[in-house]
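What follows is a short report on a single structure.
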Amino acid sequence: MSDAPRPETLSLEQQLAYARDLRRVYDLERARRRELEEANRALAAANAELDRRLYDLMAAQEWILAVNSSRELPALMDLLAEPLLVLLHAQESVVFPWDPAARQLGHALGLGGRPETPLLAALRASPFSAGVLAAGQPREIAALEADPDLDAARQLGWRALVALPLVARDERVGLLYVAWSAPHTPDERERMLLDLVAQHAAVSLANARLLAESAARAEALQRAEQQQLAYARDLRRAFERERARRSEVQAAYLATVKVLAAAMETRDPYTGGHVERVAAYAVAIGRELGWESERLATLEMGAALHDVGKIGIEDRVLRKPGRLEDEEWSQMRQHARMGARLLEQVPFLWASVGCALRHHERFDGRGYPDGLRGAEIPLEARVVAVADTFDAMTTDRPYRRGLPASVALAEIERCAGSQFDPEVVAAFLRAVRADPTLRPDGA
């Protein structure tokens with residue numbers, strides 16, 4: 001049973017008090033209900049705002065990923081325009097990239113890669129654009145009025161705009177315009193999106209500029225490389241022609257030298273073919289020593305001219321069939337210095353002077369004309385000494401028969417380190433073993 005008083009048992013005064021209590025309870029309940037309804041409406045509005053912001057953020061995330069993956073400016077401009085036209089309900093967006101070389105804004109990059117119109121060119125060159133760039137801060141115009149600096153914007157049909165300078169890595173990269181076809185004041189959400197777009201537009205433009213510069217440098221390097229290759233080919237052809245001409249000249253010189261040597265040999269019928277054989281032996285030794293063609297050619301010429309000084313020796317001495325007397329032998333020894341003096345008069349034969357002057361020096365220092373030893377003797381002369389001695393031993397003379405090749409080779413080997421350079425002797429022995437035709441007997 002309820003403890004509440006029954007109305008019929010209450011006095012009038014008690015009934016009035018009871019009615020007042022009920023009224024207060026009702027009013028409090030109704031107030032709480034209104035507060036709850038207002039809270040629900042606020043919560044619904046907050047949820048709607050959160051949904052809208054979540055949509056904005058998800059759209060912005062997708063847009064950022066697309067922008068960051070874009071490498072071509074036309075596609076990049078379309079991506080930049082999308083959030084501005086869709087999320088901000090803007091009429092148009094235009095980017096003027098900064099040209100660092102010209103130190104001014106470049107031609108407009110608009111949606112769809114449209115070319116710059118005269119009105120956009122006027123806006124690009126306007127004092128308003130210059131002022132925004134100089135200030136480095138966004139500029140909002142909620143309602144375009146009769147400002148001469150913005151005549152081009154009004155003629156484009158713009159009635160409100162935001163101009164945002166684009167900066168990346170502390171460097172100016174461009175200017176972004178966002179325009180509406182009716183007066184418009186961006187709210188906090190729109191300013192956030194504009195700032196986000198401006199940041200990524202600046203980075204994307206900077207990256208696009210770097211890629212363009214890198215491509216230009218790569219193209220320039222490729223052109224330079226092609227020019228260098230062409231130049232190298234031209235140099236190679238010139239070098240080959242020059243080498244061919246030089247070879248022809250050297251061949252002509254060598255032919256002249258051989259003719260001279262052959263003419264000289266006619267004075268001594270017992271040494272016919274001597275210079276040809278000495279030259280062949282010397283070149284074979286040089287090859288075994290690993291010499292290149294140019295040095296071999298110099299060696300061949302020096303070997304052919306090693307006895308050129310004999311042209312100054314009297315016939316009675318040069319053509320004597322028997323052994324030479326001491327006075328005659330002293331005169332014969334002069335042919336080394338005579339040959340050197342002759343060759344010194346001809347510049348292209350200077351390299352052969354050493355062979356003529358030093359081919360009778362001995363490795364142990366007991367040779368002539370100056371008693372040089374070891375490395376003091378030019379290496380070419382050491383080579384000619386071995387070749388000259390081997391041919392002399394294997395050639396018939398009036399006073400003796402030529403030695404068999406095997407005996408001569410054994411003698412050459414025995415004299416290594418005393419009369420001859422051991423390294424040159426070893427090279428000669430290898431050459432003879434490798435090419436039996438170098439042996440007079442062919443065995």
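The values are calculated or read from the model by the stated rules, or taken from the named source; none is laboratory data. All values derive from a computational prediction rather than experimental measurement. So basically every Cβ, Gly included, is an ideal-geometry build from the backbone, and we count neighbours across all protein chains shown.
General observations
- Residue in region 400-409 that is closer than 26 Å to ARG337 by Cα and in a helix (DSSP H, G or I) present: no
- Residue check, LEU166 of a type in the set (A, V, I, L, M, F, W, C), at pLDDT below 90 and either within 37 Å of the chain's Cα centre (by Cα) or over 14 Å from LEU123 (Cα atoms) (or both): no
- Every residue from region 293-309 that is of a type in the set (Ser, Thr, Tyr) and in contact with a helix residue (DSSP H, G or I) (Cβ under 6 Å, 6 or more places away or on another chain): THR298
- Residue check for ARG277: modelled with pLDDT of 90 or more and buried (at least 17 other Cβ atoms within 10 Å of the Cβ): yes
- One residue from LEU210, LEU161, LEU176 being hydrophobic (A, V, I, L, M, F, W, C) and surrounded by fewer than 19 Cβ atoms within 10 Å (Cβ to Cβ): LEU210
- Only one of the listed residues (ASP370, ASP307, ASP315, ASP364) is out of contact with any strand residue (DSSP E or B) (no Cβ under 7 Å at 6 or more places or on another chain) and over 29 Å from ARG414 (Cα atoms). That residue is ASP315.
This table checks each residue for (1) farther than 18 Å from GLY286 by Cβ; (2) in the same structural domain as LEU318 (by TED's automatic domain parsing); (3) in contact with a Leu (Cβ under 7 Å, 6 or more places away or on another chain); (4) surrounded by 14 or more Cβ atoms within 10 Å (Cβ to Cβ).
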position: GLY354; (1), (2), (3), (4): no, yes, no, yes
position: ALA375; (1), (2), (3), (4): no, yes, no, no
position: ALA392; (1), (2), (3), (4): yes, yes, no, yes
position: VAL407; (1), (2), (3), (4): yes, yes, no, no
position: ASP421; (1), (2), (3), (4): no, yes, no, yes
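- You will find that of LYS310, LYS320, the residue that is among the charged types (D, E, K, R) and in a helix (DSSP H, G or I) is LYS310 and no other.
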